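Read the structure below first, then the notes.
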Amino acid sequence: MIADEKRLDSLVEQFFRESFSTDNPVITEAIKRLLAAGGKRLRPRITLLAAATCGGQPLDHLQLGAYMELIHVATLIHDDVVDRADMRRGVNATAIDYGNRISVLAGDYLFAWIFKNVTANYPPPVPHILSATLADICDGEVLQLRALGKLDVGTNAYLEVARKKTASLFVASAQCGAIMGGGGPEAIDALRVFGDCYGIAFQMNDDLLDVTADQQTLGKPVGNDLAERKMTIPLILALRDGDAAFRELVARCYDGGDDGAIPAILEGIARHGGLSGTRREIAQFVGRAKTALARLGASGAKAELERLADALIDDEEIPRS
């Protein structure tokens with residue numbers, strides 16, 4: 001698997017270029033445009049690696065991996081409408097070029113197109129897992145919206161959002177890959193747990209990047225989560241351990257929408273332990289992800305999954321969304 005990783009990645013991209021199309025050329029163009037903007041394709045990679053750890057042939061599951069990435073793309077299109085984002089992956093958000101109405105319909109159509117194909121071509125429980133995942137993603141988005149600007153949001157509420165909105169698709173990618181790869185109950189459960197812990201660590205890392213990376217690296221404005229009044233893990237931890245002055249600063253910004261306070265909030269997050277605390281949380285979830293993998297036999301695919309997890313705490317190689 002490791003020797004063929006680049007070839008498999010290129011075949012996933014080939015599927016997007018040559019096999020993905022819809023009956024509506026505008027929708028197809030909008031979706032292909034976002035696909036062409038890049039991305040690490042982590043979800044299909046995890047699907048293929050999970051299949052390989054269970055003895056399956058990754059080449060047999062390229063289409064399933066592609067569906068996982070397309071579900072992710074559909075959620076990004078909807079997220080950018082909900083968040084009123086201008087950029088995604090360094091290019092205009094879909095809504096900027098096509099408008100909100102076409103963007104929403106494109107995301108809806110993509111979900112329907114995926115599930116039409118999945119239900120026609122995959123046995124239970126794969127369609128059920130993916131439908132439950134979509135419900136979790138939408139639920140997590142609603143929970144996040146309801147938490148906007150609420151400074152009393154704690155780590156438990158944050159984890160519920162992260163688990164549903166982000167980790168659930170990593171869980172589905174790993175679990176469905178294991179099922180289709182022929183894995184037994186123990187292996188499927190181990191990969192399910194891996195996906196959950198990896199996904200939470202991934203979301204925490206995404207939150208960390210929002211307050212530490214530059215715009216070119218992120219492909220969107222730095223501090224964007226703060227501008228949208230989101231309760232991310234670095235902010236939650238800084239509020240927990242910070243002083244009253246910092247809390248008042250955040251409250252004024254979040255209550256009044258004063259984006260001019262964001263640089264001071266970024267400095268306060270670092271000063272009050274939000275960055276170091278987030279890194280510790282990420283390391284803990286990465287450790288749990290690797291512990292789950294320890295239940296599996298040694299293989300090149302398992303080693304690659306471990307490498308992906310370690311990359312979340314490696315400043316030199318951090319996967320992007």
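Data for the structure
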read-out	value
Lone qualifier among 105, 143, 110, 148 - being surrounded by 18 or more Cβ atoms within 10 Å (Cβ to Cβ) and either in contact with a helix residue (DSSP H, G or I) (Cβ under 6 Å, 6 or more places away or on another chain) or hydrophobic (A, V, I, L, M, F, W, C) (or both)	110
Answer from 242, 273, 184, 268 - the residue that is at pLDDT 95 or above, farther than 18 Å from residue 149 by Cα and touching a helix residue (DSSP H, G or I) at 6+ places or on another chain (Cβ under 7 Å)	273
Every pair of residues 6+ apart whose Cβ atoms lie under 9 Å, when the first sits in region 142-165 and is more than 21 Å from residue 132 (Cβ to Cβ) and part of a helix (DSSP H, G or I) while the second is among the aromatic types (Phe, Trp, Tyr) and at pLDDT 95 or above	none
Which listed residue is touching a Gly at 6+ places or on another chain (Cβ under 9 Å) and closer than 13 Å to residue 176 by Cβ, from 46, 77	46
Enumeration of residues in region 166-189 that are of a type in the set (A, V, I, L, M, F, W, C) and either farther than 15 Å from residue 44 by Cα or not in a helix (DSSP H, G or I) (or both)	187, 188
Residue count for region 9-50, restricted to those that are within 24 Å of residue 171 (Cβ to Cβ), over 19 Å from the mean Cα position of the chain (by Cα) and outside any helix (DSSP H, G or I)	1
Filter pass, residue 186 being under 22 Å from residue 84 (Cα atoms) and in contact (Cβ under 8 Å) with a residue 60 or more places away in the chain	no
Candidates 115, 170, 111, filtered to the one that is without any contact (Cβ under 8 Å) to a residue 60 or more places away in the chain and either in contact with a strand residue (DSSP E or B) (Cβ under 8 Å, 6 or more places away or on another chain) or under 30 Å from residue 55 (Cβ atoms) (or both)	115
Residue check, residue 76 assigned to a helix (DSSP H, G or I), in contact with a strand residue (DSSP E or B) (Cβ under 7 Å, 6 or more places away or on another chain) and either modelled with pLDDT of 90 or more or closer than 25 Å to residue 231 by Cα (or both)	yes
Conditions (1) under 11 Å from the mean Cα position of the chain (by Cα); (2) more than 27 Å from residue 274 (Cβ to Cβ); number of the one not met by residue 127	(1)
Count - residues of region 175-199 that are under 17 Å from residue 68 (Cα atoms) and either among the acidic types (Asp, Glu) or in contact with a Lys or Arg (Cβ under 6 Å, 6 or more places away or on another chain) (or both)	2
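For (1) within 28 Å of residue 34 (Cβ to Cβ); (2) among the charged types (D, E, K, R), each residue gets a yes or a no:
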residue	(1), (2)
172	yes, no
186	no, yes
208	yes, no
228	yes, yes
238	no, no
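The values are calculated or read from the model by the stated rules, or taken from the named source; none is laboratory data. Not measured: the values here are computed from a predicted model. All Cβ positions, even for glycine, are placed from backbone atoms using ideal geometry, and neighbour counts span all protein chains on display.
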